[in-house]
Every structure is written in C-alpha cells, then in structure tokens.
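A short worksheet on the structure shown next.
The values are calculated or read from the model by the stated rules, or taken from the named source; none is laboratory data. Just so it is clear, the structure is predicted and the values come from calculations on it, not from any experiment. Here the Cβ positions follow ideal geometry from the backbone for every residue, glycine too, while neighbour counts run over all protein chains shown. With ligands, DNA and RNA removed, areas are computed over all heavy atoms of the protein, side chains included. Shrake-Rupley method; radii C 1.70, N 1.55, O 1.52, S 1.80 Å.
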Amino acid sequence: QVHLVESGGGLVQPGGSLRLACVASGNMFSQYTMGWYRQAPGEQRELVATVTSGGRTNHADSVKSRFTISGDNTKNTVYLQMNSLKPEDTAVYYCNAKFGPYIYWGQGTQVTVSS
C-alpha cells in the first residue's frame, strides 16, 4: 500500500504562482511514474504532468511553459510548480502514482485562481 499526501493548494490571483507537493510513503518500487491530474467542476479528470523515476517528464499542452513537474527521490516527493496561473486552472489537483501494476491517488488539493 502507498499513501500520497498533497499540499500547497489555495487561492491565488491570475498571474500568480503556487507550488504543489506530493509526499509518497509505504511500499514503493524503485521504478515509478508519478504525476498530477486535475478535475474542474463538471469536467472529467485530466492529466497535467508526469515524471518518471528516471526523470523523464511530460506536460499537457495547456500547461506547457507555465507548469513544471519535478521529483526528489530522496524525499519521495513530487512537486508541481505552477506559474502564470489562469482562472481556467481552477480545479482540484490530484497526485497519482504508478508502481508496476498498482495505481494510487491522493485526496486532492483545491487550487482556485480568482481576483
């Protein structure tokens, strides 16, 4: 079992920045893919960005050049740096981890972009 705990959400004005963090604990494999997804009210959950244990990253087109995902293997933590935030980035952001055949989700953290 793996537990994921997110932090860093909140209310920010358009153009502002936030950094989300996801700490993983439990029985983890050395090779993994971790990432962030988001879900706005009335919308489906969508991929934001992923990072592998080898450091390979992938970002959705809607957030490229604004968001950056990174991982710290020594701390079992994945970060999502979000800059130039827009109202349409408002959503609950979920941390996701894939270890072999197993998939885990965090509880989510709310990000609201509003003036």
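Some observations on this one:
- For segment 7-51 and segment 80-106, distance of Cα centres in Å: 2 Å
- Set of aspartates and glutamates near K86 by C-alpha distance (under 12 Å), chain-local residues within fewer than 8 positions excluded: none
- Loop-located GluC sites (Glu not before Pro) in segment 1-94 (DSSP state other than H, G, I, E, B) with a sparse environment of at most 14 neighbouring Cβ atoms within 10 Å: E43.
- Protein accessible area in segment 1-67, 1.4 Å probe - carbon and sulfur %: 46 percent
- Relative contact order of segment 1-64, pairs being alpha-carbon contacts under 8 Å that are 6 or more residues apart, as %: 23 percent
- Restricting segment 51-89 to trypsin sites (Lys or Arg not before Pro) in coil, as DSSP defines it, with at most 12 other Cβ within 10 Å: R56, K64, K75
- Evaluated at q = 0.12, 0.18, 0.19, 0.20 Å⁻¹: base-10 log I(q)/I(0), Debye formula over Cα of the chain: -0.38, -0.84, -0.93, -1.03
- Accessible area (Å², per residue) of segment 23-115, counting only protein heavy atoms and a probe of 1.4 Å: 55 Å²
- Under the criterion of Cα pairs below 8 Å and six or more residues apart, the relative contact order for the chain equals 36 percent.
- In straight-distance terms, cross-link reach from K75 covers every one of the aspartates and glutamates whose alpha-carbon lies under 17 Å from its own, apart from those fewer than eight places away in the same chain; here that gives E6.
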